[in-house]
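The values are calculated or read from the model by the stated rules, or taken from the named source; none is laboratory data. What you see is a predicted model; the values in this text were computed from it and never measured. Note that we place each Cβ from the backbone using ideal geometry, even for glycine, and neighbour counts take in every protein chain shown.
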Amino acid sequence: MSGTITEKILKQHIVQGNAVIGEEVALKIDHTLTQDATGTMSYLQFIAIGIDRVKTELSVSFLDHNTLQTDFKNPDDHLFLQSAAAKYGLYYSRPGNGICHQVFVERFAQPGKTLIGSDSHTPTSGGMGCFAIGAGGLDVAAAMAGQAIRIKYPKVVGVKLTGKLSDWVSAKDVILEVLRRINVKGGVGKVLEYIGPGVKNLSVPDRATIANMGTETGSTTSIFPSDEVTKKFLEAQGRGEQWQEIMPDENAQYDEIIEIDLSELEPMVALPHSPGSVKTVREVAGLKVDQVGVGSCTNSSLRDLKVVANALKGKTVATNLHMTVSPGSRQVVEHLIDSGEMKYLIQAGARILENACGPCVGMGAAPCSAGVSVRTFNRNFKGRSGTKDAQVYLVSPETAAATALTGVLTDPRDLGEYPEPEMPEKFFVNDNMIIEPLPYEDAKKANVIYGPNIKPLPTFSPLPDVLKGEALIKLGDNMTTDDIIPAGAKILPLRSNVPEISKYVLEAFDNGNFYKRALEKNGGFIIAGDNYGQGSSREHAALAPKYLGIKAVIVKSFARIHLANLINFGIVPLTFENPSDYDKIEPGDSLEIEIGNLKSEVFLNNITKGTKIKLLHTLSELDAEILKVGGKLPWIKKNIAN
């Protein structure tokens, strides 16, 4: 083999299609992961397919998002997930064991493997030389059923790193610099592949942080070499036999090159309400802060928490704020306890939260009204924190620690001597909170437990040749899946109850009337601007609108995962050939689109205004077939039956 890391791994996994940029290829998937906010629906879909055991090399069900047990819904769903894992041959990571991406890097990720996960930050494992992509839960169910996963063959961007990070500057600042340069859709259709002599100066946790937040650029995934640094990490985790070297060739050709001198970077911050709105901390320093949060799948590793603990050692957090820390795994907590560094966090006044996603998905620790929250998380979308008028800033663990001590946004270089973290030669390995798959004969006898909040999957009819209805709503650019279906402790527990969760579709828009109007009008169309559906992979942002009768979404451009989810659930994704035609449609307009032959040109007839607008799509013949039968689930069932 020759070429880039991406080319080498994809070459071994393409089962259909050609390695031509923009053309559709089908990939064999080695590993899958789910988490509990998306996993219940994914396993309901897998069960509906009718396969009696997963066909992947490895599949893991994690409990990390919906761990608040304010009523029966979450614990009932946990029982469902555990029993489904036992029945169908999955590993099951129990609640409290840690955040899926952190634990997967520690205990499961392998260089050279393909991984698909029902969480948009699945690319975290790209820090281990794994080709890891986020997707909707139905795509993960399909992969577990042995189906190849289709993607558009990506451009490969070489992010050439030179130099070494200075004290108080870390991996989070690297990815914030990438976002500063290419923003939240600059990675669409691309893989960010990190190369150059500076890579060897980044640990696996550093690389995982960068790969994790590469998701915010819209990229297909991010990936690092598997080198001696990777080997050392795997050996320290007791998995040295899983290492293989995967490096780009000296003559590897990249479609684009981004050059970053690590030694020139300084602490960075993403301003509200976008991960792409990046400045240096120096430019914003002095801002009064109400809350500091350390954690999330981006920055909850042992390395990150050691830095924070030692920066806080012998000090107390500022009186004008409170601080939370969410460790990424039990392994991280065990090391902090053993080294005594957990004591530094507690004595300084930090609130130690569960080893879970927690505040990152609006599960507790919401800021005060109009509060300023400085977080080491990966997203700062409006309202995601649980407080609609909060101002959330994204920073490194170093900047978070400095800010917690001073009470204002602070460049950590002002703290003085850097507390270089001492990492263990060998990690504590205790997998007793990971339940291994049952043997096949035992699994056949297991029963899946369904709680009362788990409702049957909706069934959707094949699409007609002509779509008719109103333009129900008109939205702007960069609409996130959080905007479409909010996260948080109130709504995420409804993920296995489509009729109930559908009541919250676009609730922050149209004065909260969207759900009611969609039902009254028997569905219709959504009109929006650029980058529609960015952010989380949650397929409910497509499934719930489909339940409300949405026939097509017509926008200037789509985010990758959401585009796939719309197809999966039988909603036609269309774009304006001329973006200015967006201005020719208003809410309430009566629209008609003929889709009987998606190979031909597609036009929107605005009956109200008497105008005709040309639309485009990127649908393959298979996409069109999936749409016509009503979505991917009926297509898979039909395909497997044949």
Checklist line | Which numbered condition Leu519 misses (of (1) outside any loop (DSSP other than H, G, I, E, B); (2) free of Cβ contacts under 8 Å to residues at least 60 places away in the same chain; (3) buried (at least 24 other Cβ atoms within 10 Å of the Cβ)) | finding: (3)
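When you check Glu245 against the structure, is it surrounded by fewer than 18 Cβ atoms within 10 Å (Cβ to Cβ), in contact with a strand residue (DSSP E or B) (Cβ under 9 Å, 6 or more places away or on another chain), under 15 Å from Asp173 (Cα atoms) and modelled with pLDDT of 95 or more, yes or no?
Values: surrounded by fewer than 18 Cβ atoms within 10 Å (Cβ to Cβ): yes; in contact with a strand residue (DSSP E or B) (Cβ under 9 Å, 6 or more places away or on another chain): yes; under 15 Å from Asp173 (Cα atoms): no; modelled with pLDDT of 95 or more: yes.
When the stated conditions are applied, Glu245 does not pass them.
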Next item on the list: Just one of (1) at pLDDT 95 or above; (2) surrounded by 18 or more Cβ atoms within 10 Å (Cβ to Cβ); (3) assigned to a loop (DSSP other than H, G, I, E, B); (4) not small (Gly, Ala, Ser) trips up Leu615, so point out which.
Entry: (3)
Notebook entry, point to check: Just a yes or no: is a residue in the stretch 252-273 crowded, with 17+ Cβ neighbours inside 10 Å, of a type in the set (Gly, Ala, Ser), farther than 22 Å from Gly129 by Cβ and in contact (Cβ under 8 Å) with a residue 60 or more places away in the chain?
Noted result: yes
Next item on the list: Considering (1) modelled with pLDDT of 95 or more; (2) outside any loop (DSSP other than H, G, I, E, B); (3) at positive phi, say which one Ile473 fails and leave the rest.
Entry: (3)
Item checked: Candidate set from the stretch 549-590 (those that are aliphatic (A, V, I, L, M), farther than 20 Å from Pro462 by Cβ and in contact (Cβ under 8 Å) with a residue 40 or more places away in the chain); member that is surrounded by the most Cβ atoms within 10 Å (Cβ to Cβ) -> Ile561
Note to self: For the stretch 460-489, give me the residue count where each residue is touching a residue at least 60 places away in the same chain (Cβ under 8 Å) and under 31 Å from the mean Cα position of the chain (by Cα).
What the structure shows: 19
Check: Taking the stretch 392-407 only, how many residues are within 20 Å of Lys306 (Cβ to Cβ), assigned to a helix (DSSP H, G or I) and β-branched (Val, Ile, Thr)?
Finding: 2
Check: Is it true that Gly314 is on the phi > 0 side of the Ramachandran plot, buried (at least 18 other Cβ atoms within 10 Å of the Cβ) and in contact with a helix residue (DSSP H, G or I) (Cβ under 8 Å, 6 or more places away or on another chain)?
Finding: no
Checklist line | Sole exception among (1) under 29 Å from Gly22 (Cβ atoms); (2) outside any loop (DSSP other than H, G, I, E, B) for Gly596, by number | finding: (2)
Item checked: Candidate set: the stretch 493-516, residues that are part of a helix (DSSP H, G or I) and acidic (Asp, Glu); chosen: the one farthest from Ser590 (Cα to Cα) -> Glu500
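Would you check if Val308 is touching a strand residue (DSSP E or B) at 6+ places or on another chain (Cβ under 9 Å) and crowded, with 24+ Cβ neighbours inside 10 Å? Step through it out loud before you land on a result.
On the way: touching a strand residue (DSSP E or B) at 6+ places or on another chain (Cβ under 9 Å): yes; crowded, with 24+ Cβ neighbours inside 10 Å: yes.
Taking the combined requirement at face value, the residue satisfies it.
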Check: Checking Gly407 against (1) more than 21 Å from Tyr504 (Cα to Cα); (2) free of Cβ contacts under 8 Å to residues at least 40 places away in the same chain; (3) of a type outside the set (Asp, Glu), which test does it fail?
Finding: (2)
Next item on the list: Could you look through the stretch 534-554, keep only residues that are touching a Ser or Thr at 6+ places or on another chain (Cβ under 6 Å) and outside any helix (DSSP H, G or I), and pick out the one that is farthest from Asp510 (Cα to Cα)?
Entry: Ser537
Check: Would you pick out the residues in the stretch 259-302 that are farther than 22 Å from Ala390 by Cα, part of a loop (DSSP other than H, G, I, E, B) and of a type in the set (A, V, I, L, M, F, W, C)?
Finding: Leu265
Check: Would you call Pro573 closer than 26 Å to Ala142 by Cβ, out of contact with any Gly (no Cβ under 8 Å at 6 or more places or on another chain) and part of a helix (DSSP H, G or I)?
Finding: no
Check: Do we have Leu336 as touching a Lys or Arg at 6+ places or on another chain (Cβ under 9 Å) and in the same structural domain as Lys288 (by TED's automatic domain parsing) here?
Finding: yes
Checklist line | Evaluation of Ser203 against (1) in contact with a strand residue (DSSP E or B) (Cβ under 8 Å, 6 or more places away or on another chain); (2) at pLDDT 95 or above (one fails), failing number | finding: (1)
Next item on the list: Out of the residues in the stretch 319-334 that are assigned to a loop (DSSP other than H, G, I, E, B) and of a type outside the set (Ser, Thr, Tyr), state the one that is farthest from the chain's Cα centre (by Cα).
Entry: Asn320
Checklist line | Tally, over the stretch 59-73, of residues that are closer than 14 Å to Gly362 by Cβ and either basic (Lys, Arg) or part of a helix (DSSP H, G or I) (or both) | finding: 0
Notebook entry, point to check: Residue check, Phe72 against (1) more than 22 Å from Phe46 (Cα to Cα); (2) in contact with a Cys (Cβ under 8 Å, 6 or more places away or on another chain), all met but one. Which one?
Noted result: (2)
